1. Return the pair list, or none, for Cβ contacts closer than 9 Å from residues in segment 53-66 that are loosely packed, with under 10 Cβ neighbours inside 10 Å to residues that are not in a helix (DSSP H, G or I), at least 6 apart or on different chains.
2. Could you tell me which numbered condition Asp104 fails, if it satisfies all but one of (1) open to solvent by less than 100 Å² (accessible area, probe 1.4 Å); (2) modelled with pLDDT of 95 or more?
3. Is one or more of the residues making up segment 66-76 closer than 30 Å to Tyr28 by Cβ and modelled with pLDDT under 85?
4. All but one of (1) out of contact with any Ser or Thr (no Cβ under 7 Å at 6 or more places or on another chain); (2) open to solvent by 90 Å² or more (accessible area, probe 1.4 Å) hold for Tyr28, so report the exception by its number.
Amino acid sequence: RREASAAVSVVGMVIKTEVCAFSEDRIYPGHGSRFVRKDGQLIIFSSSKTCKLFHLRKRPAKLTWTTAWRRLNKKFSSIENSGNRRRRRATRVARGFVGASVDDLRSKAKKGKKGGSYAEKAAKREAAKRKARAEARA
């Protein structure tokens, strides 16, 4: 029972993450490294790779794996840009099957639309009778 309750509390817990100064990746607690400049500014890096590139004065926008480059070149993932996703609509394609060709199916569909079902015809007749009775009374 203790294990189950512990698992539930972990799911609801919010983990505070930092953002890498170079690659803009998320840094979870216990990961990454920090650098303090002479002026006292704290800079957080996700890895030694980002730290080295920062000190070599490389521009993150020039490196294709960084978020800065992806933002400049409009390479958004579906998560980042979920509001403007394009959706393809399914298009209907008429296909024949054994015993009926596409033309036969189309002609049957047209006949069905013109005639209507027996119940629909009966309902229309009933409505017409009611209307005639109402006009006769008035």
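The values are calculated or read from the model by the stated rules, or taken from the named source; none is laboratory data. Computed from a prediction, not measured in an experiment: that's the story for all the values here. Cβ placement follows ideal geometry from the backbone for every residue including glycine, while neighbour counts extend to all protein chains displayed. Note: areas computed on protein heavy atoms with side chains; ligands, DNA, RNA excluded. Shrake-Rupley method; radii C 1.70, N 1.55, O 1.52, S 1.80 Å.
1. Note: pairs meeting the criteria are Thr64/Asn73; Thr64/Lys75.
2. (2)
3. yes
4. Checking Tyr28 against (1) out of contact with any Ser or Thr (no Cβ under 7 Å at 6 or more places or on another chain); (2) open to solvent by 90 Å² or more (accessible area, probe 1.4 Å), the one that fails is (1).
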